[in-house]
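First up is the structure itself, then whatever we jot down about it.
The values are calculated or read from the model by the stated rules, or taken from the named source; none is laboratory data. Please read all numbers here as calculations on a predicted model, not as lab measurements. In this analysis, Cβ positions are derived from the backbone assuming ideal geometry, glycine residues included, and neighbour counts consider all displayed protein chains. Accessible surface areas use protein heavy atoms only, side chains included; no ligands, DNA or RNA. Shrake-Rupley method; radii C 1.70, N 1.55, O 1.52, S 1.80 Å.
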Amino acid sequence: MPINRMINSNYNNSPSRTIYSDRFIPSRSGSNFALFDFSNSPASDQGKADRSITYQSLLRATLFGPDKPGTPASRNIFRYKTETKRSLHSLRPLGYDESGPGISHSPVKAPRKFPTSPYKVLDAPGLEDDFYLNLVDWSPNNVLAVGLESCIYLWNACGNKVSKLCDFGISDGICSVGWAQCGTHLAVGTNNGQVQIWDASNCRRVRTMEGHRSRVGVLAWSSSLLSSGSHDNSILQIDIRARDDFASKLVGHKNEVCGLKWSYDDRELASGGNENRLLVWNQHSAQPVLKHCEHTAAVKAIAWSPHRHGLLASGGGATDRCIRFWDTTTNTHLSCLDTGSQISNLVWSKNINELVSTHGSSQDHIIV
């Protein structure tokens with residue numbers, strides 16, 4: 001039965017049944033509260049002029065339920081069982097009558113408050129102003145990694161401490177950084193086409209993988225795979241448990257791969273290219289299982305929903321400016337939202353069903 005029908009159903013058509021309360025807690029609807037002198041008569045002249053019939057009726061109905069005409073009088077104040085027909089609406093804490101005066105059954109939602117200023121601004125001299133690079137990533141351990149020219153710096157948000165992880169010198173540059181799910185290892189994509197893995201706790205390089213012929217601008221981790229997208233139009237699947245540099249190569253884009261994101265169940269990989277296409281791969285496919293060409297600019301911003309299986313959001317560049325939503329389980333384009341500016345990143349909230357987008361860049365500063 002649909003949920004809405006279950007919510008809107010009531011028990012008015014069901015036969016009468018005896019409802020027993022706790023032996024120490026009386027039943028309000030069956031008790032005789034007339035002995036408490038909650039009368040409907042007008043206020044007396046001895047200091048009770050502020051009482052009104054409407055207020056008395058409303059208070060009595062809210063606390064004890066509606067009056068039942070024809071109910072025989074009882075000498076007992078409290079009763080512990082009653083013959084009644086109760087609807088689902090009677091379970092509401094404040095109200096049984098939809099037309100009752102002055103009672104609102106809908107909870108009042110407080111307006112959302114969004115901060116208008118950052119709580120932290122980090123200086124980032126030498127931060128490359130390039131739409132296609134991914135030079136900032138936040139770890140599960142609350143550590144921010146930033147690639148500045150040939151160096152990588154780590155900012156610990158808990159202790160507000162900055163440290164240098166590595167320096168590649170003049171021989172190479174940083175094009176992308178990406179934290180592993182464990183939060184202790186950082187993958188680095190370089191301008192020369194290398195992919196390196198660093199142990200951030202001990203500040204040492206663990207491994208270096210070759211395979212790309214040009215810069216590695218985007219990285220994406222799954223549980224045991226590291227995917228790297230390059231200016232050479234290819235995606236390398238790196239199994240960090242194997243000795244080989246990469247396990248497989250995915251070729252489907254006709255221009256630089258600038259967006260990569262694994263789904264939360266690690267079953268699907270979404271990739272965006274500078275040729276304006278969004279591709280979806282599964283774990284075992286050498287060819288994309290889904291292709292979307294609706295964007296009119298580079299697709300860099302990609303985010304999978306943690307709340308709904310198969311829901312994917314993608315954002316386009318300067319000439320597109322749109323966020324599009326897809327259902328990969330049915331290969332359906334759900335909706336499109338024009339944001340008015342290029343979209344550089346998308347992040348889905350893990351707590352509520354909301355999406356945050358970033359637009360443009362802030363040169364020489366990182367806004368937190």
Cα radius of gyration and Dmax for segment 235-283 (Å) = 11.5, 34
Net charge dipole size for segment 149-220 [Lys, Arg +1 and Asp, Glu -1 on Cβ; Debye, nearest 20] = 100 debye
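By the scheme Lys and Arg +1, Asp and Glu -1, what is the net charge of all other residues having a beta-carbon under 13 Å from that of Q283?
On the way: positive: R267; negative: D239, D265, D266, E268.
Here the charged neighbours net out to -3.
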Simple spin-label estimate for E210 and S335 in nanometres, 7 Å along Cα-Cβ | 5.0 nm
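So, counting K/R as plus one and D/E as minus one, what does the shell of residues with Cβ under 12 Å around R215 add up to? Write out the running numbers ahead of the final one.
Numbers: positive: R213; negative: E128, D130, D172, D232, E256.
Surrounding charge for R215 is -4.
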Mean accessible area per residue over segment 100-253 (1.4 angstrom probe, all protein chains present, square angstrom) is 53 Å²
Considering amide H positions built from the backbone, and no H for Pro or chain starts, which residues 5 or more places from V218, or on another chain, come under 5 Å of its amide H?
-> G229
Amide H contacts under 5 Å for L165, restricted to residues at least 5 apart in sequence or on another chain and with H modeled in the peptide plane, are I152, Y153, L154
Distance histogram in 10 Å bins (all Cα pairs of segment 132-257, percent per bin) = 14, 48, 31, 6, 0
Karplus ³J(HN,Hα) for segment 298-309 (6.51 cos²θ - 1.76 cosθ + 1.60, θ = phi - 60°; Hz, whole; x = Gly/Pro) runs 4, 9, 9, 7, 9, 8, 8, 6, x, 9, 9, 5
3J(HN,Hα) from dihedral phi, segment 236-243, Karplus parametrisation 6.51/-1.76/1.60, rounded to Hz, x for glycine, proline | 9, 9, 9, 8, 5, 8, 9, 7
Mean separation of Cα contacts under 8 Å, 6 or more apart, over the residue count of segment 275-335: relative contact order % | 24 percent
Fraction of accessible area attributable to carbon and sulfur, segment 287-336 (%, probe 1.4 Å) = 48 percent
List the residues of segment 173-200 whose backbone N lies under 15 Å from a point placed 7 Å from the Cα of D167 along the Cα-to-Cβ direction.
-> 173-174
Run through every distinct alpha carbon pair of segment 293-344 and return the Kirkwood hydrodynamic radius in angstroms, one decimal place.
-> 11.0 Å
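What does the charge add up to near D320, with Lys and Arg as +1, Asp and Glu as -1, over the other residues with Cβ less than 14 Å from its Cβ?
Working: positive: R277, K300, R321, R324; negative: E275, E294, D338.
Around D320, the surrounding residues sum to +1.
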Distance between segment 143-195 and segment 278-332 - C-alpha centres, whole angstrom | 27 Å
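Which of rounded, prolate, oblate describes segment 231-368, given a ≥ b ≥ c as roots of the alpha-carbon gyration tensor eigenvalues and a/c under 1.5 marking rounded, otherwise prolate only if a/b is larger than b/c?
Working: a/c = 1.44, a/b = 1.32, b/c = 1.09.
It comes out rounded by the Cα gyration axes.
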Would you work out which of V136, P111, L148 lies farthest towards the positive end of the dipole of segment 102-189, given +1 charges on the beta-carbon of Lys and Arg and -1 on that of Asp and Glu, about the Cα centre?
-> P111
Going 7 Å from the Cα of Q287 toward and past its Cβ, which residues in segment 239-256 have a backbone nitrogen under 19 Å from where you end up?
-> 248-255
Near the amide H of N233, under 5 Å away, which other amide H atoms are found, from residues 5 or more places off or on another chain, if H is placed in the peptide plane?
-> V257
